[in-house]
Each structure stands twice: as C-alpha cells, then as structure tokens.
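A.B. asks: Mind looking over this structure? Questions follow.
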Amino acid sequence: MESELTFILNDQVVHTKTNPATVLLDYIRKNKRLTGTKEVCKEGDCGACAVLLGTKVNDKIIYKTINSCLFPIQKVNSKHVVTIEGLNKEELNLLQYSFVEEGASQCGFCTPGFLISLTGYLLNTTKFDENEAINAIAGNICRCTGYHSILRSLKNINSSFNAISTEILINNKVIPEYFKEIPNLLDKIPIEKTQSNFENTDQFVSGGTDLFVQQPENLLTKKISLIEQIVEPQIKVIDNNLIISGSTTIEELEFYITENKINVKLGKLFKLFASSPIRNSATLAGNIINASPIADFTITLLALNAKIIFSNAYTVEREIYLNQLYKDDFVIPEGTLYASVFTSSIAHGKIVSLDISGARNTQGVIKVLIASDIPGINQVGGIIQDESLLAEKEVHFIGEPIALVIAETEEIAKLACKKITVEFSPLKVITEPREAYKMDSLIMPPKIFESGDISGAWEHCNTIVEGVVESGGQEHLYLETQGAVALPKEAGEIKIISSTQSPTAVQKVTSKVLNLPMNKIEVDVLRLGGAFGGKEDQATHWAVFAAFGAYYCKKPVKLVLSRHDDLYMTGKRHPYSSDFKIGLD
Ligand SMILES: Cc1cc2nc3c(=O)[nH]c(=O)nc-3n(C[C@H](O)[C@H](O)[C@H](O)COP(=O)(O)OP(=O)(O)OC[C@H]3O[C@@H](n4cnc5c(N)ncnc54)[C@H](O)[C@@H]3O)c2cc1C
Ligand code: FES
Ligand code: FES
C-alpha cells in the first residue's frame, strides 16, 4: 500500500511514494537521513522527535510542534515540515547559542526537540512569556541537565525580544530566510481533499496519538484513511450550544474557547492534557472513541452533559448523550427489575440447608433463583471449567454466589438477600496452593504444557538455574464496577448489555447456562469504565445472572455490583507462586 505525497521538508519540495502509515520520524531519519530528529520513546512522551508542521491557513502559515514518532506521513501532504536541520542553516541560531551559553545541552540527545518546541512557541506568539515557553517544552524530557540550565537559557531568550513576529525571528536568525518563500512554494502544491475511496478503509486515523502508540506495525499493513479528509475541524455556537466537530484538536478547542471567551469551566484541563505537541494532534473524537478509562475529555464532556452526534459527514445518523455510552447510564426501559446476589460467608464448607422463604416472601421480590433453577449447565468458568454460577452443595470462597434475588428495586433485592439463611458444615480452609497441592485438594487436575524431552534435556546443560518466584495478588480496580442489563426480546432471545472485555465469552456461557442456542443471545458492549483485564472472564458471571433473571421474569433485569460487593465477590489477579528451572547449554 503506497500513496503519493508532496510536501516541503525544510527548504526542499519532496515528492514521494510511500506507505501512508509510515510515521514521519522513520521517513525523516531512514529515508532522508536527517538524524537530528531523535527517536527515544516512540510513544509521544519525550519530545526528542519533535518537528514543526506548517499549514497554510488563508495567507499565513501556522506552525505547530508535533511528535513525528506518532504522525503518519499521509498527514504532511501539502504541508511544511521543519526538522532541526531546517532551523540551523549556517551557524548557531539565537536559541542554540543561548543553550550553549547556559550549559542547557549536555549529552545533547534531547536538545533538538527542545529547540523545535521553543521555535514552535516563538512562531505562535507576539510577546515572550516565560511560563508559556515552559508550557511549550512541557512535552520534552531531558535526563542530564536537571532543567535549571534550560530555564536560564529561556530567561536569556526573554531578554532578547520586545516583540515577536516571523520577520523578527528571521532577522534575529532564529529561523532561516527560506521561511519567507514557503507560502509561495506551498501555493504550488495542490491541497488534496480526497473525498472518495474510503470504502475499503481498515482504520480511520485522526491525530494518531492513540493508534500509533498502540499498533504502529499493524497499521503499516492496513489501508488507513485520514478523518481530516472527511470532516474538517470546526467549532461554532448555535443557540448557546458549543458544536465541536470530532476532528477538532484539543489545542484548537483551547484556542477557540480562550479567543472567544466562551464561558465553559474547563479550568486547567487543557494544560494538564498531555503536552503541547500531543494537544496539537489529538482530537476530541479520538479521545471519546478510544474508550480509554483515562480519557480526560470523555469525563469532562460527561460532566457537562454533552451530546454526541454520530454522522457520516453528510447525514446525522444518531444522537446520544455521552452519559448513555456507559452500561450503568444506559436508559433502561420502564419496569426493569433489579438483581442482587446472596453469597457464602465462609471460605469452605458443605451447604447443609438453604432457606430462601424469607426473601421470597418479601414484598416487591419477584423471584429467588438457586442452582436447581438453572435450565442448562451450572458452569461459568472461562478457560478452565472450574466455577459454578451458583453454589449447590459446596462453597469454595467467601463471597461465592448461592442465590439470586430479583425484585422491583435494587434496595428490595438487597434487603431480601439478607433474609436468606444457610447452614454450612465447615470444611478445612486451605489458602496456600502448595499446601493444597500436597494434600491433593485441587479444584481441577493440574494443566501441564510440555514439549520435547523434559527430563532428558538437563544432562545436556552446562548451567542450571533454579528458584521460586512469588508475585502478590492484585485488585484490578476498574472505576466502573462489574454489571450488566439483560433485556428479553420477542422470540425468546435475550439481549445483554455487559461491561465485558469478552462479549463472545458472555454469549457462549449464557447460552450454555440457559440452554439457549447462541444466536438467541445478543451481547452489546458500550464503553467500559476501565477493566485492566478484570473484565475478561470475571465480567461473565454478572451478565449471566442478569440474563438468568430476565429469562425467568420475562422482564429486563439489571445487576450492577456496588464497590464493596465487587471487591468482595470477584476473583481478581490472584497471587502466584512459581517454581522455575532453566538450563543453558
Ligand atoms: C504522550 C501521550 C499523552 C497523552 N495524554 C493524555 C491525557 O493527558 N489525557 C487524555 O485524555 N488522553 C491522553 N492521551 C491519549 C490521546 O492523545 C487522546 O485520547 C486523543 O484525544 C486521541 O485522539 P486522536 O485524534 O489522536 O486519536 P487516533 O489515535 O487518531 O484515533 C483513536 C481512535 O478513535 C477513532 N477516531 C478518531 N477520530 C474519529 C472520528 N472523528 N470519528 C470516529 N472515530 C474516530 C480512530 O479510528 C481510532 O479508533 C495521550 C497520548 C499520548 C501519546
Ligand atoms: S520519540 Fe519520544 S516523543 Fe517521539
Ligand atoms: S542533555 Fe542529555 S538528555 Fe538532555
């Protein structure tokens, strides 16, 4: 997959045919051998790869600092790219000189990035402000200097200017003369606004600040299309509402709000969002669509009760309030019932008797379900089939579900759970897996992966290292707790809205537990309020519980765990104790 591009690299017009998902940094360093732009993290964190990107807007060129390591080359078409080599034609410029004077460059690896970011700042201001300059280099990391010498050099630069303009910067040799020619040169490059051929797109890219961190190699094998070629960044005010197109960058939004004195209380959020080069690329839609639990604008827009308009750039397809994107915010139909789970209070024991009559007789309770009510197989284990949905004869941990109460309200369901009584015959509690192994008290037989001659291989080894590694347990601590909503449909199907990382697992397990074909179970996932692996198979139980309730009650059933119940009932990343033996020949 290659596409043709024309852009200006420093003072040269470049025509090239290249994979559009190649990041600009690789092109600059590998194809053009301009090695002043450095690669350090390749994740947008260090600023060593910073370059300037000039875009013609009306008659002016607007320069922005960007992280070239996350910038697909397709996005530089018809633009001006400035690397450190393009700033320093014959002699040290004012900024470089100031860095040298103050010892602000030691190993020097970070220095090109700092100088580019500072130049980007100077090109966008009319008066030097030290705090703003510091903000402009907030995305640049230096390991050597401790930053004080860099701050001193900023003070020197401050004293060099009363006012700043492109002309003044050229006269002071901060930027070279050729910058004057760039508007004319760019005029000769047609600005391509491809409106066709999006059909076979594998991946739409906006700023690329998420995509190129997560899957840079993968993107090289895909057909990418730029969202900026479909929808332009645009902000307008209609009827006191701020309408922001998804391709608006965080920086453009900040600029608009500041310039137009829009009364939106976003406080310091803009400056806390990543760094200036990331804000120059990152878009609002990318922030929402990436489904990251730490996406700043998603939660901010949620607090502002913003509405998202999904459109294909020509027609509006759907409008939805942002707060309806999460499972617990899903607007549930009237008459929805609520489920609560009654669990074991002991770690190990036989169930001698179970009395659910107290719960069943509570006003507002619709149904109390136990293991014998399960129409299919009482098994929700993910990879290994070792977990029943509801304990029937024996319990294996505190918090293991025993009964499910479905009631008109969440409060009634919880209250009714308290009226269930169970008599246990306690068994020995073993919390140490090595002890359980010794006593042959394993829930499942061990799973062994082996390849080749394991016992015979050691005699060919020169060195053998053996030991034990202990790793502690870890709570996943996703912000949104586990939960689901299940809605019965007209022909016996059940639709489940689950906060799961594994919708197929939810579908398979529900089908098995309810003895329904898989095509009768539909699983939808809205946005997850975090998961960190804790909603891979751990989310299945609660989705199946909601579906189990909906199956019996023929009404929508919602089950969302409180934080306490989530910590109490779910498994988490358990501790490991691993023996290892490594042989080297
Ligand atoms: C160093 C660094 C620091 C960061 N710091 C923060 C931070 O402080 N706060 C924060 O919230 N985020 C942060 N991020 C994450 C990221 O910058 C944001 O989530 C950003 O808003 C993503 O937007 P993008 O345009 O770059 O998305 P892309 O990477 O281009 O796309 C992300 C996803 O959104 C989809 N998408 C993009 N635009 C649209 C659209 N218009 N319509 C439909 N789908 C679309 C893409 O197809 C893709 O699936 C940081 C990232 C980096 C690399
Ligand atoms: S290499 Fe670190 S930000 Fe690009
Ligand atoms: S001078 Fe060495 S990292 Fe900054």
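A.B. asks: If I model a spin label at Leu220 and Ser165 as a point 7 Å from the Cα along the Cα→Cβ vector, what separation in nanometres do I get?
C.D. replies: 4.6 nm
A.B. asks: Report the local net charge at Pro426: Lys and Arg +1, Asp and Glu -1, summed over other residues whose C-beta lies under 12 Å from its C-beta.
C.D. replies: 0
A.B. asks: A further question on this structure: Which whole-number percentage describes the relative contact order of the chain, with Cα contacts under 8 Å and a sequence gap of 6 or more?
C.D. replies: Once divided by the residue count of the chain, the mean separation gives 11 percent.
A.B. asks: A further question on this structure: What helices does the chain have that are whole DSSP H segments, at least 15 Å long along their own axis by Cα, and with mean Kyte-Doolittle hydropathy of 1.0 or more?
C.D. replies: In the chain, the long hydrophobic H runs are 111-122.
A.B. asks: Tell me the relative contact order for the range 140-258 as a rounded percent, counting alpha carbon contacts under 8 Å between residues six or more apart.
C.D. replies: So the answer I get is 15 percent.
A.B. asks: Then there's this: First measure r as the distance between the Cβ atoms of Arg360 and Glu392, then evaluate 1/(1 + (r/R0)^6) with R0 = 22 Å and state the FRET efficiency to the nearest 0.05.
C.D. replies: 0.75
A.B. asks: May I pose another question? Are there any GluC sites (Glu not before Pro) in the range 477-510 that are in a DSSP loop and have at most 15 other Cβ atoms within 10 Å? List them by number.
C.D. replies: Here the GluC sites (Glu not before Pro) that fit, given the DSSP loop and packing criteria, are Glu490, Glu493.
A.B. asks: Once amide H atoms are placed 1.01 Å from N in the peptide plane, what residues at a sequence separation of 5 or more from Tyr321, or on another chain, have their amide H within under 5 Å of its amide H?
C.D. replies: Ile308
A.B. asks: Another question, if that's okay. Using 0.36 nm per residue, how much length does the chain from Lys236 to Lys520 gain when fully extended, once their Cα-Cα distance is taken away?
C.D. replies: 97.8 nm
A.B. asks: How charged is the neighbourhood of Phe212? Take every other residue with its Cβ under 14 Å from the Cβ of Phe212, and add Lys/Arg as +1 and Asp/Glu as -1.
C.D. replies: Taking every other residue near Phe212 into account, the sum is -3.
A.B. asks: While we're here: Tally Lys and Arg at +1 and Asp and Glu at -1 over the other residues with C-beta under 15 Å from the C-beta of Lys38: what net charge comes out?
C.D. replies: Net charge in that neighbourhood comes out at +1.
A.B. asks: Right, here's the next one. Consider a paramagnetic label point 7 Å from the Cα of Ser345 along Cα→Cβ; state which residues of the range 358-394 have an amide N under 18 Å from it.
C.D. replies: Under cut-off, by backbone N: 358-360, 391, 394.
A.B. asks: Per residue of the chain, what 222 nm ellipticity follows from adding -39500 (n - 2.57) for every DSSP H run with n ≥ 4, rounded to the nearest 500?
C.D. replies: When only DSSP H runs of four or more count, the value is -6500 deg cm²/dmol.
A.B. asks: Taking the mean number of other Cβ atoms within 10 Å as a proxy for protection, how do you rank 129-139, 103-113, 548-558 from highest to lowest?
C.D. replies: The most tightly packed comes first, giving 548-558, 103-113, 129-139.
A.B. asks: Now, a different point. Find how many whole Å separate the alpha carbon centroid of the range 529-561 from the alpha carbon centroid of the range 460-519.
C.D. replies: 10 Å
A.B. asks: Sticking with this one: What is the gain in length, in nm to one decimal, between Lys428 and Glu408 on full extension, counting 0.36 nm per residue of separation less the C-alpha to C-alpha distance?
C.D. replies: 3.3 nm
A.B. asks: Exactly which GluC sites (Glu not before Pro) in the range 315-416 are in a DSSP loop and have at most 16 other Cβ atoms within 10 Å?
C.D. replies: Glu334, Glu392, Glu408
A.B. asks: Please list, or write none, the lysines whose alpha carbon is within less than 23 Å of the alpha carbon of Lys127, excluding same-chain residues fewer than 8 places away.
C.D. replies: Lys56, Lys60, Lys64, Lys155, Lys173, Lys180, Lys261, Lys268, Lys271
A.B. asks: If you don't mind, there's one more thing I want to ask. Go through 419-430, 75-86 and give me the packing order, highest mean Cβ count within 10 Å leading.
C.D. replies: In descending order of packing, they fall as 75-86, 419-430.
A.B. asks: Using alpha-carbon positions, what is the distance between the centroids of the range 245-264 and the range 389-419, in Å?
C.D. replies: What the calculation gives is 50 Å, centre to centre.
A.B. asks: Students often check this: by mean Cβ neighbours within 10 Å, which of 157-165, 507-515, 441-449 ranks highest, and how do the rest follow?
C.D. replies: Per-residue Cβ counts within 10 Å, averaged per peptide and sorted highest first, yield 507-515, 157-165, 441-449.
Read the figures in this text as sums done on the coordinates, not as results from a lab. No experiment lies behind these values; they were computed from the predicted model shown. So basically every Cβ, Gly included, is an ideal-geometry build from the backbone, and we count neighbours across all protein chains shown.
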